[in-house]
Structures are given as structure tokens and as C-alpha cells.
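Beneath this line is the structure, given in C-alpha cells, with notes to follow.
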Protein chains: 2
Amino acid sequence: MNVKENIKTIIVKKPLKLDCGETISDYPLAYETYGKLNDKKDNAILAFHALTGDQFVSGINPVTKKSGWWSHAVGPSKAIDTNKFFVICANVIGGCMGSFGPKNINPKTNKEFGIDFPVITINDMVNAQYNLLEFFKIDKLYSVTGGSMGGMQALQFVANFPDKTKTAIPIACTASHSAQNIAFNELGRQSIMADANWKNGNYSYLNSSPNKGLAVARMAAHITYLSKKGLQEKFGRKLQEKDDLNFSFDADFQIESYLRYQGSIFVDRFDANSYLYITRAMDYFDLVKQYKGNLSKAFENSKTKFFIISFTSDWLYPTAENKEIVIALNASGVEVGFIEITSDKGHDSFLLDVPEFLKAVKNFLEANY
Amino acid sequence: MNVKENIKTIIVKKPLKLDCGETISDYPLAYETYGKLNDKKDNAILAFHALTGDQFVSGINPVTKKSGWWSHAVGPSKAIDTNKFFVICANVIGGCMGSFGPKNINPKTNKEFGIDFPVITINDMVNAQYNLLEFFKIDKLYSVTGGSMGGMQALQFVANFPDKTKTAIPIACTASHSAQNIAFNELGRQSIMADANWKNGNYSYLNSSPNKGLAVARMAAHITYLSKKGLQEKFGRKLQEKDDLNFSFDADFQIESYLRYQGSIFVDRFDANSYLYITRAMDYFDLVKQYKGNLSKAFENSKTKFFIISFTSDWLYPTAENKEIVIALNASGVEVGFIEITSDKGHDSFLLDVPEFLKAVKNFLEANY
């Protein structure tokens, strides 16, 4: 990957005190934009990516040469219409697409940080990205949005900066990472760390690569992104290329080939240590605890208008957890809309062409602008 | 583990043609019994174990020194009352507790079979275990039962031997392994095979052991055995020993320590290749396909009285899949009872002290005897 020439980066000079206690400064923040910022600078939307996303929201990602993660939603005349809105997305800190992360050089050792990189949080990610408002001289965003970990960032953004966005659309997320979700993330981390090529995080320096462990982590996560019903309808027990079972450990079933493929392509575009750091940030996310057990306190000073979206078949961030956010917003007197979209596509629904979902986002954004 | 002195074994001389086409004979089948076979030989119950179970159903397992997997259910005055019934359980072929499996010596090479062991099926397992009836000179069992893969074996037993058991209690199982369940099993297999110490299945011969991969496989499976709600209630976001987050990759949360522990103890008692073979057998299980798409044909010659049990929070083998068995039994005119037990304990409910479940089993067994 020839990363640098395709990546826009600001160097954030202002020191940022991380939740772990360390302070960072002069760190890179990679971003991309879509559409044009208008003269009044009131049409900007900050989109936050999920665990394995990056700043390349729409069109062809110039590094991976694949479609951007939200190509269904963001573009001219799409749900987030780039003829009207100016969409900004940054790679989260801890990531591997140009923002400050474990692949950066540690000035103390002149080697990549690896797991000497500080453990970061969703709060740290959001505080780092806030610098983009200053960079673009935007006083107030029109909206913040994102699904999954992107939704967590949207919630944290409003909690941290209650007067800095007119609207917010957290999608398929939670205010507090559940035990089951921590468990699946821990499974992924253990899979990476079990790979002999991980070498305690120093694999780059040692010309090694924990691709097998990272692929298994991706396979595990991928299963959780889809619904049982969706998997059954798409794959069921369909066999791969043959008419009968192989009686071997080759991929007999299409679902097996699919998962192996998903694992194998993932390692080409993602860094194993970033996977550790970002899952850790998700697991640490607990906006309820940040506000001493009262989630409504997180939003009490906000004039932001919220729209919360969940999906019927999302078992990772189920409707019940999204509704807890709605209840807290109601309790704090914040204006909030909520829709549960019917979809068999599981948690991944927010990334896919789910017309009812995309229409709901479009209507909300255009009605409130 | 000093396996041999604690394990009762028969050597099955009769050739068994496996579904893969190979024929085996003179192979060991390890078993255990509980209670006494009565003079009429009409009180025998064949219990089938699940993926990681073995023949040591109740009391202290003499090899692992832990409680047997069904100690809550099987024993004097318990649900399966060993004062009344004679319980037989065999280690499945493909397993690692004394029955013919990948740890046996391949006479062609004088080394352990490893992955040269033939790929076996649930049908093969059941056909092998049928030899125990002859060994004990039992013409007809009183019941066959088991949960999860044990339930699949119970279904297959009645399909293969329609007049050889008076009753059957398949618990928390399915007639056809779903895409999601294949996906989770494939994840486990890939995790084992990703471990550099697996060495293409020849780890024993090469004095190696894919413990890390096997532990990750176990962690993945373990998450699927518990319900989201159960995990949340038991662990939630409780921290391990400390008052605050570590900001490291140590186990911060109790759920992480729990999973790591489950992985670490599993490798002491289970063989990685057996894990591959048994999950493969589960994935291959499709009683619907065996009967050309009509599951009711599997039971049409049977006089066996069925009792099907599912659990509300079991998302691995949900009630809907258990009900499909009930519907097929109804369609074939077989007598069948069904109960869905309310439990937050997920798929694991069948192994745990769930009083309503245990009472249902006891009542059915004693009412029909």
C-alpha cells in the first residue's frame, strides 16, 4: 500500500491528555472530505467510522481500491447528500490509515510503537477529531453520525461538546459495551496474540505478520455482524462447488469459504495491533459510568437534536440497547427521534443498501437543515 | 492423564462402513455405566455426550478429576434416577477419551492418525455405539437422550433403529446444522489450524501442542453457549480485582478472565484434532437431507415416544429449530411431547441446575416407565 500520497493529514499541535494519563501532541490525524463546505459553514457533517473502517467513506478507497465503507449512504443525492452537505471523516487515533497509531514511530525507541502505544478510548478518539472543526474553521457542525463504534463516538461527541452540533444520528450502537461484546472482542485479541508471529506486538520490526490470528479475529467478528436468519437465507447448507461433502477439512460449505475469504482479505488492509487498540477502546466505552450511572446527565446541556436508529436483527447492538439511549435523552429533555428498521442483515445493516434505513437518514437530515 | 486404567473399553470387531466410504473394524469404544441393569433389561438409557463431553456423565470424572458433564441430571434420585435406570454413555468415535479417534495409532504408519483419521459423522458415531446394546445383551433401550450434539445422536439413533428404544429425549438440538453454527465451528477449526504448533495435525508426533489455537476455539464456543442476558447479569462490566481500568491488554474485565480461564483448562483435557473431527461431524449433520428433504420420513417406522426440550435463551439451537423436529414427528404420527424451558443460561442450560428442566426430564422418564 502506498499510503502517504493518498492520505490528507493534519498534524495536531495542541496537546491532548488521554484517559490513560499520557499526553500526546504533534500527532497526525488523517481525514477525507466529500462535498463542499458552504460559505456559512453550516453544512458540515462529521462521520465517525466503525472498528475496521477508515476515513474513506465513499467512492473508491484509494489505498485498498475497494468501495468506501459507507458508499451506499454518502454521495451525490444519496442519504447523506454530498450535493448539500460537506462530509468529513477522520481515521481514529489508534487506527492504521494515517492517524496516530501503533504503526507510528516511537521517538523514544525509533521503532514502531507496537503495544507501547498508549491505550486509547472513544473519548480520546473524539477529542482528537474535534481539532478538525478548528482546522476547517467550523464553529458548529450540522450533524455527527456513525454506526457501531461510530455511533459511540457520536454520543461521546455530544456529551463532550454539547453546543457543537445541531443534530446527531447514532446508529446501531450502545452507551455501554456489553459483556457479550467484550467477550467477542477479547476472543479477537486472544486470537491475534496467540499467533506466534505477533511477537508481543513487535512483528513489523521483526519482519513478521500475525496474519492467521488476525484472520481468525476477523472471522469471529464477521459472524457477529450478520444475523442467524440472514446467514441461513444467504448460505444455509449450500456446498462449495461440489455436489456432495468432501469428507475433509477443506471448505465444504459456502459459509466456510466466505469466512475464510473475509479473513484473508482483511489482513491486507488492517494492522493487527490497531485491531487490539480499537477493540480495547470499544470495550472501555461506558458513557453511563462516565456520568456516574446517569446517562441522561451526558446530554443535559445539549441543544442537539437526536435521531437514534437500530435494526431488528442486530444482536450485537440490539434495539433494547439503542432504546436505553432514547430513554436517557428523553429524561434529559433533549429532542429525539427513534426508528427500528426491519432488516435480516444484522448489525451490518448500517453499511448495506437497506432502503428504509437510508431513507430515514435522508429525511431526518433534510428536514432539519 | 493416566487414561487407560480408568477407562472401560470394548473392542468392536464387527466392521462399520463409515459415511466417508472407509470401513473400520476392531476399534475401541470407551464407555461408562451408572446404576444397575435389571433382570428384564428394560431399564437402560443410552446417553449421548455433546462436543466436548465424554462417557463420564456423573460423579467425579476419574481422568480430569472434575464433575461429570451431567452430574446435575444423572444420579440416585436425580432427574435420570440411577436407582431405577441403568445409564450407559460412550465416548464418541473421533473423541479423545478412549474411543477410536485421531490419537489412535494408524497401523499403516505406526504413528497417530492425526488428520489421516477418517472424517466421521453423527451417523457413524451412533452406529458405533449401537454395538453396546449387543455387548450388554439389551434388546431394547428404555430411552436415548442427550443435549446439543447428544440430541442429534438421539434423533439419528431412532432414525437408524426405529424399534430399539421405547422413548427418546433430544434436548436443545437441531435436525440440520445451521449456517451460523457451521460458521462458529469453522472459526474454531481455523483457530486450531492457525496455530503454528498444530503442524498439519502431526503435533503429537512432533512433540508440539496447538494449545493457544485450541484455547481460542474453546473461548469462541463458550461465548455461544451462554446468552447475552446471562452474560450481562453474571459479568456485566465488572472489573477483575481492581477498582479501575488497567489501560493495558491484561484482563480488565471479569468476562475476559473467565474466558481465558475456560480456554486454558480446556486444553488440558481435550485433543485439538478431536475438536476438528467432532465439529466436522456436527456440521455434516443434516437429517432432513438424509431423508431427501422430508424429516418426518426419518421417524415414520418408529414407535418411540419422544420428548423434545428447548430453552428460551438458547440462540445456538433455538426453540424454532427444536420445534421443526416436533412438527416432523407430528407429521409422521409419532407420539411427541415438547417443552420450552424458561432460562437465561443459554445453550448451557441443559448442563446446569435448571430445576424446571430437570423436573420435566424426571417426570417424562418416570411416567413412561
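Take A:Ile265 and tell me if it is out of contact with any His (no Cβ under 7 Å at 6 or more places or on another chain), at the interface with chain B (Cβ under 7 Å from one of its Cβ atoms) and on the phi < 0 side of the Ramachandran plot. Answer is no for this residue.
When the criteria are applied in full, B:Ala217 meets the requirement of being buried (at least 24 other Cβ atoms within 10 Å of the Cβ), among the hydrophobic types (A, V, I, L, M, F, W, C) and either more than 30 Å from A:Glu22 (Cβ to Cβ) or at the interface with chain A (Cβ under 7 Å from one of its Cβ atoms) (or both). If you go through the range A:227-248 and keep only what is under 19 Å from A:Asp344 (Cα atoms), more than 8 Å from chain B (Cβ to nearest Cβ) and touching an Asp or Glu at 6+ places or on another chain (Cβ under 9 Å), you end up with A:Ser227, A:Lys229, A:Gly230, A:Glu233.
The single residue among A:Val119, A:Val92, A:Val57 that is of a type in the set (A, V, I, L, M, F, W, C) and either touching a Lys or Arg at 6+ places or on another chain (Cβ under 7 Å) or at positive phi (or both) turns out to be A:Val119.
Please work out if B:Phe253 is buried (at least 22 other Cβ atoms within 10 Å of the Cβ) and not basic (Lys, Arg). Yes: the conditions hold for B:Phe253. Is it true that A:Glu233 is of a type in the set (D, E, K, R), modelled with pLDDT under 95 and farther than 20 Å from B:Val216 by Cβ? Here the answer is no, as A:Glu233 does not meet what is asked.
Take the conditions (1) part of a strand (DSSP E or B); (2) more than 30 Å from A:Ile339 (Cβ to Cβ); A:Lys166 misses just one of them, which is (2). Taking B:Ser71 as the residue in question, decide whether it is away from chain A (no Cβ under 14 Å), surrounded by fewer than 24 Cβ atoms within 10 Å (Cβ to Cβ) and closer than 30 Å to B:Met219 by Cβ. So B:Ser71 fits the description; yes.
Just so you know, in the range A:82-129 the residues that are assigned to a loop (DSSP other than H, G, I, E, B) and within 14 Å of chain B (Cβ to nearest Cβ) include one that is nearest to A:Ala272 (Cα to Cα), and it is A:Pro102.
Only residues that are of a type in the set (Ser, Thr, Tyr) and free of Cβ contacts under 8 Å to residues at least 24 places away in the same chain were counted in the range B:256-290, giving 3. With respect to the conditions (1) modelled with pLDDT under 95; (2) assigned by TED's automatic domain parsing to the domain that holds B:Lys362, B:Glu241 lacks only one, and its number is (2). Looking for something modelled with pLDDT of 95 or more and β-branched (Val, Ile, Thr) - is there at least one such residue anywhere in the range A:64-73? Among the residues of the range A:64-73, not one is modelled with pLDDT of 95 or more and β-branched (Val, Ile, Thr), which makes the answer no.
Go through the residues of the range B:305-320 one by one and say whether even a single one is in a loop (DSSP other than H, G, I, E, B), away from every other protein chain (no Cβ under 14 Å) and more than 30 Å from B:Lys228 (Cβ to Cβ). Within the range B:305-320, none of the residues are in a loop (DSSP other than H, G, I, E, B), away from every other protein chain (no Cβ under 14 Å) and more than 30 Å from B:Lys228 (Cβ to Cβ).
Within the range A:197-205, can one find any residue that is touching a Leu at 6+ places or on another chain (Cβ under 6 Å), surrounded by 21 or more Cβ atoms within 10 Å (Cβ to Cβ) and either hydrophobic (A, V, I, L, M, F, W, C) or within 30 Å of A:Ile80 (Cα to Cα) (or both)?
Within the range A:197-205, not a single residue is touching a Leu at 6+ places or on another chain (Cβ under 6 Å), surrounded by 21 or more Cβ atoms within 10 Å (Cβ to Cβ) and either hydrophobic (A, V, I, L, M, F, W, C) or within 30 Å of A:Ile80 (Cα to Cα) (or both).
Of the numbered criteria (1) hydroxyl-bearing (Ser, Thr, Tyr); (2) without any contact (Cβ under 8 Å) to a residue 24 or more places away in the chain; (3) surrounded by 24 or more Cβ atoms within 10 Å (Cβ to Cβ), the one B:Thr319 fails is (3).
Within the range A:2-32, restricting attention to residues that are within 24 Å of A:Arg280 (Cα to Cα) and without any contact (Cβ under 8 Å) to a residue 40 or more places away in the chain, which residue is surrounded by the fewest Cβ atoms within 10 Å (Cβ to Cβ)?
A:Gly21
Would you say B:Ala298 is more than 8 Å from every other protein chain (Cβ to nearest Cβ), over 29 Å from A:Asp116 (Cβ atoms), over 16 Å from the mean Cα position of the chain (by Cα) and of a type in the set (A, V, I, L, M, F, W, C)?
yes
The values are calculated or read from the model by the stated rules, or taken from the named source; none is laboratory data. On a predicted model such as this, the values are computed, not experimentally measured, just so you know. In this analysis, Cβ positions are derived from the backbone assuming ideal geometry, glycine residues included, and neighbour counts consider all displayed protein chains.
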